[in-house]
Amino acid sequence: MPTPTRSPLKIDSAELRLIRLKLLNPFTISVGTMTEKLFPLLILKSDGLEGYGEGVMDPLPDFLEESIPSAMNLMREVLLPAVVGHSFANPEALAPLMTPWRGHQMTKATLEMAFWDLWAKSLDLPLKTALGGAGEAIPVGVSLGIGPIEQTLERVRSHVEQGYKRIKLKIMPGHDIKLLEKVRSAFPDTALSVDANTSYSLADMALLRRFDAFSLDYIEQPLAWDDIHDHATLQQRLSTPICLDESIRSVQHARHALQTDATRIVNIKAGRVGGHLESRKIHDICEAYNVPVWCGGMLEAGIGRAHNIHLSTLSNFRKPGDTSSASRYFARDIVHEKLEAKDGLMPVPSGPGIGVTLDRSFLDEVTVSTETFSR
Ligand code: MG
């Protein structure tokens, strides 16, 4: 699809907030437990319009190497001063001010995605249309954190009954085979996957090969976050497809993984790979290799969740994503619109841009700090 065009969009000002939302339930994965969601929220303003981006980095570098302090610093010191007061014809035009800075894909994504929202609104287009996607709803599954096996079984049952189209179980060494035996015997036909969040190594080959007995859709990120090579070695010995998440932070990583058969499915998170443009490049190269993609989640609040839903309307998002109902995570969200799945389908918010509006009074309640940028 040709990229829509308009006259350059001038960024009048920006607001960078740090938001703290309490999670309804602690969320445990192999690297730790989260009890609250702390995240940067970026608001770009232009001629009466606002574009929103939500950072997915953690307070400390425990998922990838980025952290909230490093993100806030890069935003404050270089990215926002380079954007505010300047004009950009399209999202591609942001690249020159971001490429000099190494890494920091999550920080760059926060800015890039806020611009996409603003730009789509200026064109009076839903983000999905600006991205080249289509459709009124996307199929979604759920990701269940680590907990006692009996409790996990109950949670699987409840989400299967709600119609979610895939159940993903977080696993780690010592919390894997027994869990899978119980869940698979109780739910023989449910689409099931596991996510190890980097907690195994090739020394666990014999154990990982036992996963083939459970008819899993895929094993997500079994090995190190910065590794592709060992995943290729592992894939040769497994019949279950490997799906990379943490290891894919750019289209180059995706190409390396596809060329070496280190991944047969890819989890795309726009917030992890630098934003929507890089997501689209990864989506496209996976499509060329006939490798399906799906959209992962980082426990996003309403802004990040809405971005994920729009991105998931691209054609090669052929597996159910992690963008489940916001009410599974938060008692109250920062947007007015309810992002709730029904029978495993999440409606795409309508209206220009990401199609959600900020609940300003609640936002003020949960704002830890606000910095404004203007010139
Ligand atoms: Mg994952």
- Query: In Å², what does the accessible area per residue of the chain work out to with a 1.4 Å probe?
  - Reply: 39
- What does the highest-first list of 91-98, 349-356 look like by mean Cβ count within 10 Å? 349-356, 91-98
- Could you let me know the centre-to-centre spacing of region 192-249 and region 20-48, using Cα atoms, in angstrom? 27
- Query: Between residue 20 and residue 65, what length comes free when the chain is fully extended (0.36 nm per residue of separation minus the Cα-Cα distance, one decimal in nm)?
  - Reply: 14.1 nm
- Could you tell me the accessible area of residue 200 in Å² (1.4 Å probe, neighbours in place), rounded to the nearest ten? 10
- Query: Using θ = phi - 60° and the Karplus form 6.51 cos²θ - 1.76 cosθ + 1.60, what ³J(HN,Hα) does each residue of region 227-242 get, whole Hz, x for Gly and Pro?
  - Reply: 10, 10, 4, 5, 5, 5, 4, 5, 4, 4, 9, 10, 8, 5, x, 8
- Item | Accessible surface of the chain, 1.4 Å probe, proportion on carbon and sulfur as whole % | 52
- Task: Divide, for the chain, the radius of gyration over alpha carbons by 2.2 N^0.38 Å, where N is the residue count.
- Result: 0.95
- Query: Restricting to the chain, what percent of DSSP beta bridges are antiparallel, rounded to 5?
  - Reply: 65
- Message: With a cut-off of 8 Å between alpha carbons and a minimum separation of six or more residues, what is the relative contact order of region 1-101 in percent?
- Response: 30
- On a 0 to 90° scale, report how tilted helix 149-161 is relative to the longest principal axis of the chain, with both axes built from alpha carbons and the result rounded to the nearest 10. 60
- Expected sort for 186-198, 77-89 on mean C-beta neighbours within 10 Å, highest first, is 186-198, 77-89
- Message: Rounded to whole Å, give me the distance from the Cα center of region 292-344 to that of region 114-172.
- Response: 4
- Quick one: helix 177-186 against the long Cα principal axis of the chain, what's the angle to the nearest 10°, folded into 0 to 90? 90
- Task: Once you have the Kirkwood Rh of region 169-256 from its Cα pairs, apply Stokes-Einstein at 20 °C and 1.002 mPa s and quote D in µm²/s.
- Result: 162
- Query: Residues with beta-carbon under 9 Å from that of residue 308, excluding residue 308: net charge, scoring Lys, Arg +1 and Asp, Glu -1?
  - Reply: 0
- Cα gyration tensor, region 1-147 - rounded (a/c under 1.5), prolate or oblate: oblate
- Task: Show the residues, 5+ positions off or on another chain, whose built amide H is closer than 5 Å to the amide H of residue 19.
- Result: 39, 41, 368
- Message: I want to check the label-to-label distance for residue 369 and residue 342. Put each point 7 Å from Cα in the C-beta direction and report it in nm to one decimal.
- Response: 4.2
- Task: Using the structure shown, list the pairs from 108/342; 37/108; 22/45; 269/319; 128/269; 45/121 with a Cα-Cα distance above 21 Å, or answer none.
- Result: 108/342; 22/45
- Query: Taking the Cβ-Cβ separation of residue 154 and residue 210 as r and a Förster radius of 22 Å, what is the calculated FRET efficiency to the nearest 0.05?
  - Reply: 0.35
- DSSP beta bridges in region 130-347: the antiparallel percent, rounded to 5, is 20
- Message: Using a 1.4 angstrom probe on the protein heavy atoms only, could you order 242, 149 from most to least accessible area?
- Response: 149, 242
- Note on the structure: As a Kirkwood estimate from alpha-carbon pairs, region 130-347 has a hydrodynamic radius in angstrom of 17.5
- Report, to the nearest 10°, how far helix 105-122 tilts away from the longest principal axis of the Cα atoms in the chain, using its own Cα long axis and a range of 0 to 90°. 60
- Note, residue 84: beta-carbon cut-off 11 Å, +1 each Lys/Arg, -1 each Asp/Glu, net +1
- residue 239/residue 290 FRET efficiency (R0 25 Å; Cβ-Cβ; nearest 0.05): 0.90
- Size of electric dipole in region 130-347: Cβ of Lys, Arg +1 and of Asp, Glu -1, about Cα centre, debye, nearest 20: 160
- Query: So, counting K/R as plus one and D/E as minus one, what does the shell of residues with Cβ under 11 Å around residue 101 add up to?
  - Reply: +1
- Given a cut-off of under 8 Å on Cα pairs at least six residues apart, what relative contact order in percent is computed for the chain? 22
- Item | Separation in nanometres of the label points that stand 7 Å from Cα toward Cβ, at residue 35 and residue 77 | 3.2
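The values are calculated or read from the model by the stated rules, or taken from the named source; none is laboratory data. All figures in this text were calculated on a predicted structure; none of them were measured in a lab. Glycine gets a Cβ as well: all are built from the backbone with ideal geometry, and neighbour counts include every protein chain shown. What goes into the accessible areas is simple: the full protein's heavy atoms, side chains included, and nothing from ligands, DNA or RNA. Shrake-Rupley method; radii C 1.70, N 1.55, O 1.52, S 1.80 Å.
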